[in-house]
Structures are given as structure tokens and as C-alpha cells.
Amino acid sequence: MPFITQGKTNWKFLLVVIILAIIVGAGALWYSAKQRFSSIQSPGNAKTEMVTKNVPSETDLGYDIYKKGVVKGYIKETEVYYKGNFLKDGFYELEDYCYVGHPKNPSPSGDHLKEYILVNNETIFFGDRECNCLDGACIKPADVSICTETDGGKDIYTKGKVTGIHDAEGFISESEDRCENDGSMILENFCTAGLNYDYAWISCEAGCEDGKCLKGIPTFLPKDWPINKCYDSDGGKNYYQKGETYGNYNGDDSNVFVVSKDVCQNENQLNEGFCLNDRQSSGIGIECPCVDGACVQK
């Protein structure tokens, strides 16, 4: 045995072993105590940092299209196109960004903004805003005291732009008339009162191009029908026949006549057009099983 030499104990060797054991044991106790103290006193340990990193937050405090923001939160359904980072199980850090034409085309400047906000201090909601966009924010138009529009009102045959406040937003913005639904409709912007503006989707009988309806006489009008007189191809509120209505949608003395088609808003609602009088057209929503612009008879 190493501790015994010719029947005698090797005290020098035994003393070295005892000293080494004391040093190692003391070091282990010191390291353990340091770790326990650090985990209690230091707010910057790894576990605390991870919790802080995954707390929902928002830098631009709401739907502010004129300030680039960064939002941390949960997305219930994965956002397909986004700019940011996936942190953990449905938790994202996303930043507002500009894009050209489609959200999959991010760009330092563009014609649309992808805006993120935090709902209920937890869930990320995203929206798209058409505007002159630069570095993740819309370029703010000059302050105005009253809504302005470049085409003089509800003129679907002239491309226009309004500057004012839309009721659903509450801040000054700009919005241009544009074609929708593969060129069959126009989104027409117009001032309402004071600083406010609104918009409507209007059918273009001859098609839409570059933010304005093309002029043309509706083909379903009877021969020699006056161009300033309302006409409904299905004879009025005929919910069981798909029709087209030609009339003045302003309800004023202008000569802006447009076409609206009976359409199914969804499988249980019909949007039916009809003439209110000799000039003015209107529409009504009807609850019914709806297929191809008409109610289905039971």
C-alpha cells in the first residue's frame, strides 16, 4: 500500500493528500455559495433576461402610421409576410415596414405600409396602409384645416386624391382613388364635412383604369334610354333575379350616373340595387340564401 513503507506509515504523502482535499472542498463550497448569492441578488441572470425578452411591448403606442414601431407579442395565426424575429412558440418581435405592391416585397421606400399594433397588451394585429412610405412609416402630409380633394367630389371619371381625416382612423392622411376587383370597380374617395372624408366602392360599367372609370353607355339600358334617368334591369326590388341598376348615386343635382350590380355579400345576404325615383339609385341588404346575385327561392 502507498501509505505504508516497510511496515511504517508514509506521513508525508498522507499529509499532502489531506491538504489537497481541504483545498478542493473549500473551493467547491465557495463556488456553490457564489452561485446561490448571484441568483438571488442579480436581476441580469440568464433566466430573468429570457423572461424580460418575452414580455409583450410596443414602441409607437398604437396605430401610428407616421412613426416606425417595433412590437413584441403573440400571433394566434402565423403572419406569412413580416419583418422581424420569431422568438418562441407563437411569440414574435416585428417592425413596421414599407413594401411595393405586395407585403412580400419589403423596400426602404414604397407605396404601402405594414403596420403592427398590440391588442389587449398581448396579441399582435397587423394592417396594411396605402401611402407614400419611407423607412417603416408613412410620410405625413402637410397639416390642413379642412378636407381637400383634387377631383371636386364624387367624380368617378377623374382620378382624385383626398387629404383629411377618415372616421375609422382619427389622423390626417391622404388617399387616392384606385381600381379594385380586377378593374371592374373603383374605390372613390370624397370629403364629407370639415376635416373628414369617406370612400365607396362603385362599379365601372366600361371598366376602370388608373384610378378612374372609363366612360361608356351601359349595354343593358333599353335603346334610346335617357342618360339622366334611373333604370333597374330586374324591375325594382326583385330579390329572386339578378339585376343591374343605373342611376345617380349622389342624391344631388350632379349628372354622375353609375352602375351597380346585385351581388351576394355572403351566402346569406343579398345586396339589391333599385331606383328610388326617376334619377336616384340606392341599395338594400336582404337576408336570404344567396347565389350569383339573387336569393334562392325555398
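Give the number of residues within segment 60-97 that are out of contact with any Pro (no Cβ under 6 Å at 6 or more places or on another chain) and over 19 Å from Glu169 (Cα atoms). If you could, list the steps in order and put the result at the bottom.
Step one: list which residues in segment 60-97 are out of contact with any Pro (no Cβ under 6 Å at 6 or more places or on another chain), which gives 60-71, 74-80, 82, 84-96.
Filter once more, so that each one left must be over 19 Å from Glu169 (Cα atoms): 70-71, 74-80, 82, 84-95.
Residues flagged as out of contact with any Pro (no Cβ under 6 Å at 6 or more places or on another chain) and over 19 Å from Glu169 (Cα atoms) within segment 60-97 amount to 22.
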| note | If we ask which residues in segment 164-213 are β-branched (Val, Ile, Thr) and either in contact with a Lys or Arg (Cβ under 8 Å, 6 or more places away or on another chain) or without any contact (Cβ under 8 Å) to a residue 12 or more places away in the chain (or both), their number turns out to be 2
| field | Every residue from segment 71-117 that is hydrophobic (A, V, I, L, M, F, W, C), touching a Gly at 6+ places or on another chain (Cβ under 8 Å) and either surrounded by fewer than 16 Cβ atoms within 10 Å (Cβ to Cβ) or in the same structural domain as Phe171 (by TED's automatic domain parsing) (or both) | value | Val100
| Which residues, taken from segment 41-74, are among the β-branched types (Val, Ile, Thr) and either modelled with pLDDT of 60 or more or closer than 28 Å to Cys138 by Cβ (or both)? | Val55, Thr59, Ile65, Val70, Val71
| message | Give me the residue from segment 284-298 that is surrounded by fewer than 15 Cβ atoms within 10 Å (Cβ to Cβ) and modelled with pLDDT of 85 or more and, out of that set, farthest from Lys212 (Cα to Cα). | response | Gln297
| said: Could you list, ordered by first residue, the pairs with Cβ atoms under 9 Å in which the first is in segment 214-229 and within 13 Å of Cys204 (Cα to Cα) and the second is acidic (Asp, Glu) and surrounded by 10 or more Cβ atoms within 10 Å (Cβ to Cβ), at least 6 apart or interchain? | reply: Leu214/Glu205; Gly216/Glu205; Ile217/Glu205; Pro218/Glu205; Pro218/Glu244; Thr219/Glu205
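Starting from residues that are of a type in the set (S, T, N, Q) and more than 20 Å from Val162 (Cα to Cα), keep the ones in segment 118-146 and report whichever is modelled with the lowest pLDDT.
Here is the first cut: in segment 118-146, the ones of a type in the set (S, T, N, Q) are 120-121, 123, 132, 145.
Remaining after also requiring more than 20 Å from Val162 (Cα to Cα): 120-121, 123.
Details: Asn120: 83, Asn121: 80, Thr123: 84.
Here the residue is Asn121.
Scan segment 154-179 for residues that are exposed (fewer than 15 other Cβ atoms within 10 Å of the Cβ) and either modelled with pLDDT of 80 or more or not assigned by TED's automatic domain parsing to the domain that holds Ala193 (or both) and jot them down.
From segment 154-179, those exposed (fewer than 15 other Cβ atoms within 10 Å of the Cβ) are 157-158, 167-171; that's our starting set.
Of everything in segment 154-179, those that are exposed (fewer than 15 other Cβ atoms within 10 Å of the Cβ) and either modelled with pLDDT of 80 or more or not assigned by TED's automatic domain parsing to the domain that holds Ala193 (or both) turn out to be Tyr157, Thr158.
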| task | Collect the residues in segment 180-205 that are out of contact with any strand residue (DSSP E or B) (no Cβ under 7 Å at 6 or more places or on another chain) and either assigned to a strand (DSSP E or B) or at pLDDT below 85 (or both), keeping them in residue-number order. | result | Asn181, Asp182
| request: Give me a count of the residues in segment 249-270 that are surrounded by 13 or more Cβ atoms within 10 Å (Cβ to Cβ), at pLDDT 70 or above and over 17 Å from Glu205 (Cβ atoms). | output: 3
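The values are calculated or read from the model by the stated rules, or taken from the named source; none is laboratory data. The structure displayed is predicted, hence computed values, not measured ones. All Cβ positions, even for glycine, are placed from backbone atoms using ideal geometry, and neighbour counts span all protein chains on display.
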